[in-house]
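Here's the structure we're looking at; comments come further down.
Since every read-out is calculated from the coordinates, none of them should be taken as a lab result. What you see is a predicted model; the values in this text were computed from it and never measured. Using ideal geometry, Cβ is built from the backbone for each residue, glycine included, and neighbour counts are taken over all protein chains shown.
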Amino acid sequence: MKKVALIFTMLTLAMGYTFAQGKADIKFDKTTHNFGTFSESDPVVDCTFTFTNIGDAPLVIHQAVASCGCTVPEYTKEPILPGNVGTLKVTYNGAGKYPGHFKKSITLRTNGKNEMMRLYIEGNMTAKE
């Protein structure tokens, strides 16, 4: 009986410790960026998404994957401490693409409360004259 009580106590303490651990949480200034209209003669555009760790543990971005090869994300690699700010720069290269409207997504995987989230870029590339 003493063994069962000891195991139960240890399990309860372990669960309490696990739940007491902080969790990172990410908050972006915006989740969509519209480039507006730009010309096919100057097809490379970029923007920067800014985020804050609003949790109480360091935030790590494990991966940022774009929906196509024409979009390249670059992000802060080191852990972002609670209250600190990081950036994610997204470059869209429309060279060789058909002019017109586009909408691309960037999927982020983090250690935060929302382990996966999506950001979007869009715009309208006009044909060369």
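Residues E129, E40, ranked from the fewest to the most other C-beta atoms within 10 Å, line up as E129, E40.
Quick check: net charge around G112, other residues with Cβ under 13 Å of its Cβ, Lys/Arg +1 and Asp/Glu -1? Every neighbour counted, the sum reads +1.
Electrostatic bookkeeping for P82 treats Lys and Arg as +1 and Asp and Glu as -1; over the other residues with beta carbon under 11 Å from its beta carbon, the sum is -1. Normalised Debye scattering of the range 22-126 at q = 0.12, 0.15 Å⁻¹ gives log10 I(q)/I(0) of -0.41, -0.60, counting only Cα atoms as equal scatterers and leaving out solvent. The mean of 1/r over all distinct Cα pairs in the range 29-91, once inverted, gives the Kirkwood hydrodynamic radius of 13.3 Å. Taking each of K23/K104; K77/K97; K30/K77; K103/K128 in turn, the alpha-carbon distance tops 22 angstrom for K23/K104; K77/K97.
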